[in-house]
1. Looking at Lys70, is it basic (Lys, Arg) and either at positive phi or modelled with pLDDT of 90 or more (or both)?
2. Select from segment 47-67 the residues that are under 17 Å from Asp12 (Cβ atoms) and part of a loop (DSSP other than H, G, I, E, B) and write down the one among them that is modelled with the lowest pLDDT.
3. How many residues, within segment 9-27, are at pLDDT 90 or above and surrounded by 13 or more Cβ atoms within 10 Å (Cβ to Cβ)?
4. Would you be able to say whether some residue in segment 28-48 is aromatic (Phe, Trp, Tyr) and without any contact (Cβ under 8 Å) to a residue 12 or more places away in the chain?
Amino acid sequence: MPSLAGLVSCIDYLNDDYRVSKPMAACCGDFRKLVDEAPICLCHAMKGGDINEMMPEPINAARLMLSLPKACGVPLPLETLAKCKTEPVPPLTTVPFAPTHP
(Lines give C-alpha, C1' and ligand atoms only; values in the text may rest on other atoms or scores of the structure.)
Protein backbone atom coordinates (compact mmCIF):
# COMPACT_ATOMS: atom_id res chain seq x y z
CA MET A 1 0.00 0.00 0.00
CA PRO A 2 1.39 3.41 -0.87
CA SER A 3 2.13 5.92 1.82
CA LEU A 4 3.28 9.48 2.20
CA ALA A 5 6.83 8.13 2.28
CA GLY A 6 6.40 7.47 -1.43
CA LEU A 7 6.42 11.21 -1.98
CA VAL A 8 10.14 11.38 -1.19
CA SER A 9 10.65 11.45 -4.96
CA CYS A 10 8.86 14.83 -4.86
CA ILE A 11 10.97 16.43 -2.13
CA ASP A 12 12.87 18.76 -4.49
CA TYR A 13 9.56 20.09 -5.81
CA LEU A 14 7.74 20.25 -2.48
CA ASN A 15 10.33 21.90 -0.25
CA ASP A 16 10.37 25.63 0.41
CA ASP A 17 13.66 26.05 -1.47
CA TYR A 18 11.89 25.49 -4.82
CA ARG A 19 14.85 23.49 -6.09
CA VAL A 20 12.96 22.52 -9.24
CA SER A 21 10.18 24.31 -11.07
CA LYS A 22 8.28 21.19 -12.09
CA PRO A 23 8.05 17.70 -10.60
CA MET A 24 9.91 14.78 -12.15
CA ALA A 25 7.95 11.98 -13.83
CA ALA A 26 8.74 9.64 -10.90
CA CYS A 27 7.23 12.15 -8.50
CA CYS A 28 4.03 12.41 -10.52
CA GLY A 29 3.80 8.63 -10.75
CA ASP A 30 4.22 8.25 -6.99
CA PHE A 31 1.70 11.02 -6.34
CA ARG A 32 -0.85 9.41 -8.69
CA LYS A 33 -0.39 6.07 -6.92
CA LEU A 34 -0.99 7.70 -3.54
CA VAL A 35 -4.11 9.53 -4.76
CA ASP A 36 -5.46 6.37 -6.42
CA GLU A 37 -4.71 3.89 -3.63
CA ALA A 38 -4.50 5.80 -0.32
CA PRO A 39 -5.93 9.32 -0.72
CA ILE A 40 -6.89 9.54 2.97
CA CYS A 41 -3.15 9.89 3.70
CA LEU A 42 -3.31 13.37 2.17
CA CYS A 43 -5.29 14.44 5.23
CA HIS A 44 -1.97 14.68 7.07
CA ALA A 45 -1.03 17.57 4.78
CA MET A 46 -4.29 19.30 5.67
CA LYS A 47 -4.08 18.73 9.43
CA GLY A 48 -1.51 21.21 10.60
CA GLY A 49 1.37 19.93 8.51
CA ASP A 50 2.11 16.74 10.45
CA ILE A 51 3.16 15.31 7.10
CA ASN A 52 6.61 16.74 7.85
CA GLU A 53 7.06 14.00 10.45
CA MET A 54 7.17 11.55 7.53
CA MET A 55 9.55 13.38 5.26
CA PRO A 56 13.35 13.61 5.42
CA GLU A 57 13.05 17.41 5.30
CA PRO A 58 10.17 19.88 5.64
CA ILE A 59 7.81 20.33 2.72
CA ASN A 60 5.37 23.03 1.76
CA ALA A 61 1.95 21.43 2.36
CA ALA A 62 0.19 24.06 0.23
CA ARG A 63 2.45 23.17 -2.68
CA LEU A 64 1.55 19.49 -2.17
CA MET A 65 -2.18 20.13 -2.09
CA LEU A 66 -2.41 22.89 -4.72
CA SER A 67 0.56 22.92 -7.10
CA LEU A 68 1.48 19.24 -7.35
CA PRO A 69 -1.96 18.02 -8.48
CA LYS A 70 -2.02 20.62 -11.26
CA ALA A 71 1.60 20.04 -12.31
CA CYS A 72 1.07 16.27 -12.47
CA GLY A 73 -2.45 16.37 -13.93
CA VAL A 74 -3.78 14.39 -10.97
CA PRO A 75 -7.06 15.70 -9.56
CA LEU A 76 -7.48 15.48 -5.82
CA PRO A 77 -10.32 13.27 -4.56
CA LEU A 78 -12.41 16.02 -2.98
CA GLU A 79 -14.95 13.58 -1.53
CA THR A 80 -12.19 11.77 0.37
CA LEU A 81 -10.54 14.97 1.50
CA ALA A 82 -13.85 16.25 2.87
CA LYS A 83 -13.74 13.27 5.25
CA CYS A 84 -10.47 14.52 6.77
CA LYS A 85 -12.46 16.51 9.31
CA THR A 86 -15.19 13.96 9.98
CA GLU A 87 -13.56 10.52 9.97
CA PRO A 88 -10.51 8.99 11.63
CA VAL A 89 -7.29 9.34 9.69
CA PRO A 90 -4.74 6.53 9.85
CA PRO A 91 -1.89 7.45 12.19
CA LEU A 92 1.48 8.42 10.84
CA THR A 93 4.10 5.73 10.97
CA THR A 94 7.59 7.04 10.46
CA VAL A 95 10.00 5.33 8.14
CA PRO A 96 13.75 5.85 8.44
CA PHE A 97 15.24 7.54 5.40
CA ALA A 98 18.74 7.25 4.06
CA PRO A 99 20.46 10.61 3.77
CA THR A 100 19.96 12.15 0.34
CA HIS A 101 23.34 13.89 0.44
CA PRO A 102 26.18 11.99 2.14
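The values are calculated or read from the model by the stated rules, or taken from the named source; none is laboratory data. The structure presented is a predicted model; accordingly, all values stated were derived computationally and were not measured. Backbone-built Cβ (ideal geometry, glycine too); neighbour counts: all protein chains shown.
1. Yes.
2. Met54
3. 9
4. no
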